[in-house]
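Down below is the structure, laid out as structure tokens.
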Amino acid sequence: MLVLAGTAIVVALALGIARPDTPPATRLLLAVATPVLLVPLFSGEAARTSKALAAGFAGWVCSTLLLGVVAILCGARPAAAQLAPLLMVALGIVVVTRLAASVTSRLLRATGLDEPAAREWARWLVAAMLWLLATAPLWLGPLAALGAEASSARSSAIVAASPLVHLGVAAGQDLLRTQWWYAHTSFGSLQFDYPSLAAIARAYVAIALALAALDFVIKEPAR
């Protein structure tokens, strides 16, 4: 728990949460998104007990609260109506990544890896997938702008794949038209639609249920 909190604070500070020129909305997004993106590396998948699960979620909550305090001290003034959907989406990402790590670990064990190696590979694979999806608008930007007339449907699909965009939507922030993203991606000049908050919520519920079912199905064969 303390390792996750400490790492999240260092990363958020490096990303500029305390810089004077960072907008308040960006401070809030950094406070919530940083622990979410680091959780897979500190998920405690080594022990599948209720105590380990509680410790993992406590680490996420503690990290988010600490960074929230930093963001508020630096000028962020989030409204309660803004925080509720943002934290719910963040919780959805944490739950889905936790389930994905469990399923990946079981699948790797079924291929012959021993339990410690399977857990370690699962942590890194899920973290890498989460980070790749979060930054999809950055590295898939050229694909979105491909062709004489860029497809708005293609651009919208790339945007909708990013958990970071989901958090931005929940926070009410036009993330891809903020200064950094506008300068480093092509989305500032493209036509696209953000997914609705209701669609994001339904997607996380559906993915979580599918992963939970898969985790249950492969439980016995993995043993």
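Points worth noting:
- Placing pseudo-labels 7 Å out from each Cα toward the beta carbon at ALA161 and ILE207 gives an inter-label distance of 1.2 nm.
- Gain on full stretching of the segment that runs from HIS184 to VAL3 - 0.36 nm per residue minus C-alpha separation: 62.0 nm
- In terms of surrounding Cβ atoms within a 10 Å radius of their Cβ, ILE93, ILE17 rank from fewest to most as ILE17, ILE93.
- Summarising the amide proton neighbourhood of ALA161: residues at separation of 5 or more, or on other chains, whose placed amide H is nearer than 5 Å comprise an empty set.
- Under the shape rule built on the C-alpha gyration tensor, where the axes satisfy a ≥ b ≥ c, segment 45-146 is oblate, since a/c reaches at least 1.5 while a/b does not exceed b/c.
- Prolate/oblate/rounded call for segment 2-222, Cα gyration tensor, a/c under 1.5 rounded: oblate
- Under the span-like rule (Cα at least 24 Å along the axis, Kyte-Doolittle mean at least 1.0), DSSP H helices of the chain: 50-73, 80-110, 197-217
No value in this document is a laboratory result; all are computed from the given coordinates. As the structure is a prediction and not an experimental result, all values here were calculated from the model. Note that each Cβ is placed from the backbone with ideal geometry, even for glycine, and that neighbours are counted across all protein chains shown.
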